[in-house]
Amino acid sequence: MNLLLRIDEMRVLEARARSDLPPGTLMQRAGQGAADWIHAWLQGPVADAPPPGSIDRSASVLVLCGPGDNGGDGFVCARALRRLGHRVSCWAPLPSASADAVRARAALTLAGPGAGDPVLTELPRAARFDVVVDAVLGIGAQRPLAPPFLDALLWVREQRWPVVALDVPSGLNADTGAWIGAVTGAPAQHTITFLADKPGLHTLEGPQAAGVVHVEDLGVAALRDATDAPGRLNEPARFGALVRPRRNDSNKGDYGAVAIVGGAAGMVGAALLAGRAALRLGAGKVFVDCIGAPQLAVDPMQPELMFRAEAELPAVDVMVAGCGMGSGASVADRLGRILERDGALVLDADALNAVALDASLAARVAARKGTTVLTPHPGEAARLLATNTRAVQQDRIGSALRIAQRLQSVVVLKGAGSVIAEPSGRYTINPTGGPALATAGTGDVLAGMIGALLAQNRRREDLDLCAVLAAVWLHGCAAQRFGADLGLTASEVAPLAAQALAELRRAAGGV
């Protein structure tokens, strides 16, 4: 179960765990668990975590320790790494502030290999290290990084040594994924996080700051999994019901109909991208109303698409509105008519801007009986919340939840670590994706993909959230399959996503 716990939820879990254990137990388990992982990593491949070069000897390790419990974890880790045969230097310029950290610091200098080695208060700038362990600040950090710790982390960053962060990269907000005060620390190649995973490691700047995240549950997995936390990380297990192979005796009528409304003058491609994506991801039939090209009767690239004016659209299972829809009174009128239709509804781009400008439209969105999915990027989310993009990005989870609750819709706040928020207050962070998706039209493709997966499961409305989770995961997976950080065009996303879906289906069918 990929739980995500925010700081206040972590504090509750920590308190419950500590009440059942002797003092210092969690710190000992954290430091030892981190040391064991680092030792195994340095010796050879560890679960998709190649080491920083071939090390057939004891490694030279620098552990940076802060004054709090995160520093205490670092002292325990340093002592354990010494026992495992590594050459460890430990830097801690300030006195330890907690009783557990004081005991861990004393134990480092009094026992085991390296006994008597002082804890350094000056950075060993003349030395070289195979790996640096960041145990400066944990989840409780509230102020931006400042000297002497900022200086140390900037020095480490300049050396380009591999960094393993304990719990969170120092200076990163564990809830939001923002560098506190916009002061960047030392991004890690790996983060060993304790007790449970944290949302800030997976959204905004978190993925780049944390690298690959490894969870050490410290022996409290049962206690953690019983926590009724609202956050989850997206993974195929969350939408497994949607990846079962199709029956041989099925037909197009079993997989629903989608209508795309958008494509104003100069933006016809947006509607075509959404329609093509809906077909590629398995919708039985796809209709397109290209507002700006009423004469369009066939798409030479995708002749399977059927073109209809909005007034001539048949009853469909899912409407997707907003992709290149334009602005103005006519858009609001058109959207008002779309809101009267039954079935699921996906609102993207210009439809979201229209809702942000018209309180009556917003009220009608919130009052809909069918499933409604909104897919804003941060700018569109800011307009829906009457705020600015920076405020949205500084609290992506909170922003997505506020929109979801206000408009009683499932919200996909796009970006690094897209947030899928539900009106109930639950949220999911999607770990797939990459900067290659930062190009025009990829959002239109996502809207079409969501429409397709919703349409195929209209007989099971309880699977609507699964459809959204699957579409977002597959959309990000397409960028990862592409493999580069640029050069991916929107037209290429859906075919790559369909390949990923096909692989999941084959695995589910045992083929």
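The values are calculated or read from the model by the stated rules, or taken from the named source; none is laboratory data. Values in this document were obtained by computation on a predicted structure and should not be read as measured data. Note that we place each Cβ from the backbone using ideal geometry, even for glycine, and neighbour counts take in every protein chain shown.
Quick one: A363 ticks every box in (1) under 21 Å from the mean Cα position of the chain (by Cα); (2) more than 28 Å from A479 (Cα to Cα); (3) without any contact (Cβ under 8 Å) to a residue 12 or more places away in the chain bar one, so which box is it?
If we test A363 against (1) under 21 Å from the mean Cα position of the chain (by Cα); (2) more than 28 Å from A479 (Cα to Cα); (3) without any contact (Cβ under 8 Å) to a residue 12 or more places away in the chain, just (1) comes out false.
Pick out, from the stretch 176-294, the helices (runs of 4 or more DSSP H) lying fully within it that include 2 or more residues that are at pLDDT 95 or above.
Of the helices (runs of 4 or more DSSP H) lying wholly inside the stretch 176-294, those with at least 2 residues that are at pLDDT 95 or above span 206-210, 268-280.
Residue by residue through the stretch 247-269, note down the ones that are closer than 15 Å to A452 by Cα and touching a helix residue (DSSP H, G or I) at 6+ places or on another chain (Cβ under 9 Å).
Scanning the stretch 247-269 gives Y255, G256, A257, V258, A259, I260, V261.
List, please: which pairs have Cβ atoms under 9 Å, are six or more places apart or on different chains, and start with a residue in the stretch 330-344 that is on the phi > 0 side of the Ramachandran plot and end with one that is in a loop (DSSP other than H, G, I, E, B) and among the charged types (D, E, K, R)?
Qualifying pairs under 9 Å: G343/D317; G343/R458.
Assuming C65 fulfils every condition listed in (1) farther than 24 Å from R160 by Cβ; (2) at pLDDT 95 or above; (3) under 33 Å from the mean Cα position of the chain (by Cα) apart from one, which condition is it?
(1)
In the list A494, A421, A490, A470, which residue meets the criterion of being within 18 Å of P378 (Cβ to Cβ) and at pLDDT 95 or above?
Selected residue: A421, the only one of A494, A421, A490, A470 that is within 18 Å of P378 (Cβ to Cβ) and at pLDDT 95 or above.
Being in a helix (DSSP H, G or I) and under 19 Å from S89 (Cβ atoms) is the filter here, so list the residues in the stretch 133-155 that pass it.
Of everything in the stretch 133-155, those that are in a helix (DSSP H, G or I) and under 19 Å from S89 (Cβ atoms) turn out to be F149, D151, A152, L153, L154, W155.
This table checks each residue for (1) more than 20 Å from the chain's Cα centre (by Cα); (2) among the charged types (D, E, K, R); (3) surrounded by fewer than 24 Cβ atoms within 10 Å (Cβ to Cβ); (4) not assigned by TED's automatic domain parsing to the domain that holds R29.
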position	(1), (2), (3), (4)
S170	no, no, no, no
V183	yes, no, yes, no
Q189	no, no, yes, no
F194	no, no, no, no
E216	no, yes, yes, no
A221	yes, no, yes, no
E235	no, yes, yes, yes
G240	no, no, yes, yes
D249	yes, yes, yes, yes
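Listed residues L385, L374; which is surrounded by 24 or more Cβ atoms within 10 Å (Cβ to Cβ), within 26 Å of the chain's Cα centre (by Cα) and at pLDDT 95 or above?
Exactly one residue qualifies, and that residue is L374.
Got a number for residues in the stretch 295-311 being in a loop (DSSP other than H, G, I, E, B) and closer than 17 Å to A278 by Cβ?
Number of matching residues: 9.
Condition (residue is touching a residue at least 60 places away in the same chain (Cβ under 8 Å), out of contact with any His (no Cβ under 7 Å at 6 or more places or on another chain) and not hydrophobic (A, V, I, L, M, F, W, C)) applied to the stretch 292-304: is it met by at least one residue?
No, that holds for no residue.
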